[in-house]
1. Return the pairs, sorted by first residue and then second, in which the second residue is modelled with pLDDT under 85 and part of a helix (DSSP H, G or I), the first residue lies in segment 147-176 and is farther than 16 Å from residue 190 by Cα and small (Gly, Ala, Ser), the beta carbons are less than 8 Å apart, and the residues are 6+ apart or on different chains.
2. So residue 216 fits all but one of (1) modelled with pLDDT of 90 or more; (2) touching a Lys or Arg at 6+ places or on another chain (Cβ under 6 Å); what number is the exception?
3. Select, from 268, 305, the only residue that is surrounded by fewer than 21 Cβ atoms within 10 Å (Cβ to Cβ) and of a type in the set (Lys, Arg).
4. Here is a list: 265, 234. Which entry is out of contact with any His (no Cβ under 8 Å at 6 or more places or on another chain), in the same structural domain as residue 183 (by TED's automatic domain parsing) and either of a type in the set (Lys, Arg) or over 16 Å from residue 200 (Cβ atoms) (or both)?
5. Any idea which of (1) under 24 Å from residue 245 (Cβ atoms); (2) surrounded by 14 or more Cβ atoms within 10 Å (Cβ to Cβ); (3) of a type outside the set (D, E, K, R) is the one residue 335 doesn't satisfy?
6. Looking only at segment 35-55, which residues are out of contact with any Gly (no Cβ under 8 Å at 6 or more places or on another chain) and farther than 11 Å from residue 66 by Cα?
7. Got a number for residues in segment 310-320 being surrounded by 21 or more Cβ atoms within 10 Å (Cβ to Cβ) and in a helix (DSSP H, G or I)?
8. Could you list, in sequence order, the residues of segment 268-285 that are assigned to a loop (DSSP other than H, G, I, E, B) and at pLDDT below 90?
Amino acid sequence: MKKPEILVIDDEAEVGTFFEFYFKEEKGYPVDVANSGIAARAFLSEKSYDLALVDLKLPDTDGITLLKEIKESNPACEVIIMTGYSTIKSAVEAMKLGAFDYIDKPFDELDELDNLLDLALQSINNKQQFISDELKKLASEFSIIMADDSPLKEVLLLGKKVASRKVSVLIEGETGTGKDLLARFIHANSPRFGNPFICVNCGALTESLLESELFGHEKGAFTGSQGVRHGIFELANKGTLFLDEIGEASPAIQVKLLRVLENGEFYRVGGERPLKTDVRVLAATNRNLREAVKDKLFREDLLYRLDVVSLHIPPLRERPMDIVPLVNYFIEKNLPVEERHLRVRFSDQAMSLLQNYSWPGNVRELSNVVARSLALRSSDLIGPDCLPGYIVHNEQDFLDKHLGTKTNINEVLRDWSRKLLKVILSKGSIDLGELKDAMEREATWTLRQVIEETLAKTGNNRTRASKLLNVTPRVLRYLQGEKGK
């Protein structure tokens, strides 16, 4: 559970000094001190607090007014009113407005103060646990699985907070981290829920197709356009549009997106009159758009429009605590209905291998590995023999040595096949049928791994990736389609 953020609002310097020592030195909690209403509002505009101790009398305002403001902007914050002018009337009013309690100054009975603060902090911890449990439950509805101490929680809390705001959100993260799931999570927690949520992959379409997909076209706009086509900006009106791989959008598309974000206007391809739309835009990228701006590959003004709030999804290697709950989720998801009564699980050794692997393909790769292991298992206990060889033998260095320099996919596969054959021969006996199946499986998984890592290293630029792998972009697209079958 994270440490509570505390704000003390009191115009007496010695009171602020006392609480700074009490919370920082005695309790180890972060604390800010404000000596006026203006200073308090400045703190409150920058940070969300869990506990506020508010003096009833301040030089420029009063504690009851601040209590109302705090509760309006952050209902979960516990507020304790401090006063040297205590009356039953002011105490009752404060409690009715949501104050946790009140305490008289000076603090003659430190035990009383200790007990009150302990109760308030316990209430905060209970609220945090409730919020944590509710967040996990809500996130699981969108297949976002995480442990109690996952750094992903902070991302989701911020996502939930900005969901209700009419601002653009840029979701950053490596391939396979679940950026689309986070986008759906934000839409579901927004006032637009119930209206369309439409996803477009900007890297999967040519410029002309993407333009027609987004903005639609008029009859006769180009050869083959037989009628009016409504674009996604029309279809997603009042809803949410998720632009995945936004970094792949061409300069011409970027200009047209900027216009829509600025004034809600766009033109169909071949159209002469502007159309209006009310769409909330979420965008995602696995590229560093700030670097792309420096390299003149992405418009700076469009980045500012998209990046009002940025959310970064940490890669799976930075949240190993999530691997166990994710594995259990994928087992349940992939088990046939008739086998769900069985207690299928990975052995301790197999789970240790999963936890020690770096997961360059992130959650998507883990999902594929679990599905593969379930298909190969011969009992309810899944052992290392069901895992891909590059995980069992910690062969990440094998993949690394083939990436970043021009190579040939066939050479990669031959090299891996030799490694696999040595492993199989070391077992003493061979079934040629099993050997053939194993070689084909490992070749497919190795190929997938090489392609995904090469795309990640090139910022998902297929042209550069195809050059590194010594194949044409057309062949690379074909191989990507094959690996998904």
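1. Within 8 Å, the pairs are 176/452.
2. The one condition residue 216 does not meet is (1).
3. On the way: 268 fails: surrounded by fewer than 21 Cβ atoms within 10 Å (Cβ to Cβ).
After ruling out the rest, the residue left standing is 305.
4. Values: 234 fails: either of a type in the set (Lys, Arg) or over 16 Å from residue 200 (Cβ atoms) (or both).
Answer to the check: 265.
5. Condition (1) is where residue 335 drops out.
6. Residues of segment 35-55 out of contact with any Gly (no Cβ under 8 Å at 6 or more places or on another chain): 36-53.
Answer for segment 35-55, where residues must be out of contact with any Gly (no Cβ under 8 Å at 6 or more places or on another chain) and farther than 11 Å from residue 66 by Cα: 39, 42, 43, 45, 46, 47, 48, 49, 50, 51.
7. 1
8. Within segment 268-285, the subset assigned to a loop (DSSP other than H, G, I, E, B) is 268, 270-274, 277-279.
Across segment 268-285, the qualifying residues are 268, 270, 271, 272, 273, 274.
The values are calculated or read from the model by the stated rules, or taken from the named source; none is laboratory data. The structure displayed is predicted, hence computed values, not measured ones. Positions of Cβ are backbone-derived with ideal geometry, glycine not excepted, and every protein chain shown enters the neighbour counts.
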